[in-house]
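A short write-up of the structure that comes next.
Read-outs: derived from the displayed coordinates by stated rules, not from any lab. Remember, predicted model here, so these are calculated numbers, not experimental data. Note: ideal-geometry Cβ built from the backbone for every residue, glycine included; neighbour counts use all protein chains shown.
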Ligand code: UDX
């Protein structure tokens, strides 16, 4: 089957490459000529494990193409995926759909035979219906259907998530569109991957509900962590103790500095705002957003407290800047709140991250970056672990202690525990563990 993917950002590129791996012929199109040029030269603009070889293999096999011409991409395509950005609109948190609608209106000119237009970008409920309305003004309605096929890809594990998903969700009207979507996902359906065929609005809600539910689990366990610290309990044991109940499940109960990334913060805010427009107050999700925002700043206070009540004139070593490991993505990373809050109180920041420093340099100021952890720690008054990169799990603690001015460790991901570091003479502050 021949398909087009509009937008070569994270979602578009991963989806396009994976569909070509299924054996389909995929053309990815983007307005950014520089990006297409780089892709044509075999350069992958994002860091995602395994994506470079997947793109190269399918490109060489003649199944994966890149172009700036929407016309060429649409030629013979039976389905076209819209994977352009839907950022938070400045000021009100609504999803900004201008790129989605611009793509839709542009592609109408190239639809000559029956085509399924599929939204892959996360779009608020009602967007599919709006796309249909706009296209109906430009095209005969027998020429197209509009489907919603949300993605559930985690950065750093996106290829695995696409190839072996827990489920595929497809929101469509009519058998014709269902046949096209079934053919597209045939390799997965042969593997008995569960599929939810439903109407478009339901699929759109599923995407937001999934992300909001996961974000809720995180804010929930983070609040439990605060309680644990006050009462002498251990949040990791609490996660285990509740997670063994199959109705709760053990995933996404890791307490930390708050969730970040390109999805949870944006999608939870957008859900609150779009539900508001339908007169439905999302009180739980609103609290989840609020708890998360406050949490990031509270982490800076945790550092101040660990430093004896003041960081003025102190050198703080930060290990990990990205919102999670195995990505270079800094979007809405807790480090973006924690670091400026510490700087405001007079701290000097030295930092190291295996992949995120280039992006961080555009978003943060007055940081001395290092190319490895130990020089970052030299002469520091405290070390703060913000992201749980694997290489921070096996630090030579004796060497760290010798290098630091004062051995204070604030471990916002519970990579270590008091028992691990006390023997080396560290004072240790973790998350949700008062001991
Ligand atoms: C998420 C969803 O998992 C994915 O299905 C969706 O399509 C896009 O958003 P991603 O943003 O890549 O994926 O990251 P994820 O691994 O889900 O983590 C999000 C944030 O939550 C990170 O900041 C992470 O550190 C935090 N988190 C996650 C926790 O603090 N605790 C947890 O237990 C899990």
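Observations, loosely collected:
- Hey, residue 205 in a strand (DSSP E or B) and either away from the ligand (no atom under 16 Å from the Cβ) or under 23 Å from the mean Cα position of the chain (by Cα) (or both) or not: no
- Selection status of residue 93, in contact with a helix residue (DSSP H, G or I) (Cβ under 9 Å, 6 or more places away or on another chain), at negative phi and either assigned to a loop (DSSP other than H, G, I, E, B) or more than 14 Å from the ligand (Cβ to nearest atom) (or both): no
- Residue 219 buried (at least 16 other Cβ atoms within 10 Å of the Cβ) and touching a residue at least 24 places away in the same chain (Cβ under 8 Å): yes
- Test: residue in region 306-323 that is assigned to a loop (DSSP other than H, G, I, E, B), within 15 Å of the ligand (Cβ to nearest atom), over 24 Å from residue 93 (Cβ atoms) and in contact (Cβ under 8 Å) with a residue 12 or more places away in the chain: yes
- Sole residue being touching a residue at least 60 places away in the same chain (Cβ under 8 Å), assigned to a loop (DSSP other than H, G, I, E, B) and closer than 25 Å to residue 122 by Cβ, chosen from 274, 333: 333
- Selection of region 336-347 for residues being part of a loop (DSSP other than H, G, I, E, B) and surrounded by fewer than 22 Cβ atoms within 10 Å (Cβ to Cβ) yields 345, 346.
- Taking region 403-422 as the range and being over 17 Å from residue 350 (Cα atoms) and not in a loop (DSSP other than H, G, I, E, B) as the test, the residues that pass are 418, 419, 420, 421, 422.
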